[in-house]
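The values are calculated or read from the model by the stated rules, or taken from the named source; none is laboratory data. This is a predicted model, so every value here is computed, not measured. Note: ideal-geometry Cβ built from the backbone for every residue, glycine included; neighbour counts use all protein chains shown. The accessibility values were calculated without ligands, DNA or RNA, using every heavy atom of the protein model including side chains. Shrake-Rupley method; radii C 1.70, N 1.55, O 1.52, S 1.80 Å.
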Amino acid sequence: MREELGQYDIIGDIHGRWDKLEPLLAELGYHHDGQCHVHGHGRELIFLGDLIDPRGDYPNGTREVLGCVRDMVAGGQAQCILGNHEYNFVAYHTPDGQGGYLRPHSDKNERMHRGTHEAFANHYEEIEEVWLPWIKTLPFFLDLPDLRVVHACWHTGHLKLLAGKTLADEHLLRESARKHTAEFHAVEAVLKGLELPMPEGESFSDHAGNPRSEFRARWWSKEEAQPTPRNMVFPPRDEFSETFLESESVNSLPGYDRSEKPLFIGHYYKPADSDKEPEAPNLCCLDFSAAENGALAAYRFDGPRDELDVGCMVFAGEHVQEIKVNTVRS
């Protein structure tokens, strides 16, 4: 039994970086008791998804990460929600009944999952026998008494459809892979976030150099007095314009009221040199691009406060900048 209720350590996107997760666990006070990692004072871990799919030539500890998280969940020491990379991985390995797969085996998709497949080069049978069944048990979100977690977007309408369901629901899995279904839109929003259209005539290049006309939005921050691409894009991009966005598209965002419980998200791959601080008094993104040269981030949650505290953020990994205590952005 835990010494106190509501003591959690929430960890952001790991992407197979066991070389960062292991020291972060130690920094947070967890040790291996022969079965799994435990905390001496009964704290519980919450993982925000995206455990898999390492990038580039960085260290690949995907199998170790999965084993650690699964053992902690089984031992009652952790909870873990689904990330978009786990969802994509399940769909990539699920036949569509027409000779293909729910997620096509295109060059792009093969590259995304290559690192995960390489981690199991000598244990490939584990993917079908162990890890796909386990991933299918992960919930889409957690709504706990003192806090909430979701991988990308807390959208009440979509979460209502996904509540109590997992990818073990064959109907949900297959419908979510069909564009324009309610399940497709729910999974897209909750696991991948929401986008807004750029003003007419404007575009930008994504990380692969492809032109894009829609951008990932600060869906919790729809109350901007004069919403523009620059103040609504997330992570921030200084090169975006100050052209006003159409109010109809901005009003479609769900927002997240300051009266709501603290919410923790991952997914957004903030640059490694991003300010190490929450996004709002009751919302914190814990993805600082740990897959590459960013830090793996955690938040030590000890119960309700008036607002989230930058001093509760803990980092492990390369190129971790000194924590700066700044005023929390709106």
(request) Can you list which of the chymotrypsin sites (Phe, Trp or Tyr not before Pro) found in segment 224-291 are DSSP loop residues with at most 13 other C-beta atoms within 10 Å? (result) 244
(message) If you roll a 1.4 angstrom probe over the protein chains with everything in place, what fraction of the accessible area of segment 56-146 belongs to carbon and sulfur, to the nearest %?
(response) 47
(message) I want to verify a result. In a Gaussian network model of the chain, Cα cutoff 10 Å, which of these has the top mean-square fluctuation: 33, 273, 287?
(response) 33
(request) For residue 275 paired with residue 118, estimate the spin-label separation in nm (one decimal), with each label point 7 Å from Cα along the Cα-to-Cβ line. (result) 3.6
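Would you work out the charge dipole size for the chain about its Cα centre, treating the Cβ of every Lys and Arg as +1 and the Cβ of every Asp and Glu as -1, and quote it to the nearest 20 debye?
It comes to approximately 400 debye.
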(request) Please find, in a Gaussian network model of the chain (springs between Cα atoms separated by less than 10 Å), the residue of 48, 196, 82 whose mean-square fluctuation is greatest. (result) 196
(request) Return a whole-number percent for the relative contact order of the chain, with Cα pairs under 8 Å and 6 or more residues apart as the contact set. (result) 19
(message) Connecting C-alpha atoms closer than 10 Å in a GNM of the chain, tell me which of 241, 205, 259 has the biggest fluctuation.
(response) 205
(message) How would segment 1-125 be classified by its alpha-carbon gyration tensor: rounded, prolate or oblate, with rounded meaning a/c under 1.5 and the a/b versus b/c comparison settling the rest?
(response) prolate
(message) How many angstrom lie between the Cα centre of segment 171-242 and the Cα centre of segment 103-123?
(response) 26
(message) Of the listed values (1) 17.3; (2) 21.2; (3) 19.1, identify the label whose number matches mean projected area of the Cα convex hull in nm² calculated from this model.
(response) (1)
(message) Could you work out [θ]222 nm for the chain from helices alone, using -39500 (n - 2.57) per DSSP H run of at least four and dividing by all its residues? Round to the nearest 500 deg cm²/dmol.
(response) -7000 deg cm²/dmol
(request) Report in % the part of the accessible area of segment 175-292 that belongs to carbon and sulfur, leaving out ligands and nucleic acids; probe 1.4 Å. (result) 44
(message) With every protein chain left in place and a probe of 1.4 Å, what is the accessible surface of residue 312, to the nearest 10 Å²?
(response) 20
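State the antiparallel share, in %, of DSSP beta bridges confined to segment 4-142, rounding to the nearest 5. Display every interim value, and only then the final one.
On the way: 4 of 11 bridges.
The antiparallel fraction comes to roughly 35 percent.
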(message) Need the list of lysines near residue 270 for cross-linking: C-alpha distance under 17 angstrom, and skip anything on the same chain fewer than eight residues off.
(response) 20, 192, 324
(request) Determine the alpha carbon to alpha carbon distance for each of 108/261; 108/136; 108/179 and list only those over 29 Å. (result) 108/261
(message) I need the trypsin sites (Lys or Arg not before Pro) found in segment 148-179, filtered to DSSP loop residues with at most 13 other beta carbons within 10 Å of theirs.
(response) 178, 179
(message) Give me the one-decimal Kirkwood hydrodynamic radius in Å for segment 134-242, with the sum taken over alpha-carbon pairs.
(response) 15.7
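Please calculate how many Å² of accessible area the chain carries per residue, with a 1.4 Å probe and no DNA, RNA or ligand atoms counted.
Values: 15220 Å² over 330 residues.
Per residue, the chain has 46 Å² of solvent-accessible surface.
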(request) Might you report the magnitude of the Cβ-based charge dipole of segment 80-178 about its Cα centre, with Lys and Arg at +1 and Asp and Glu at -1, to the nearest 20 debye? (result) 440
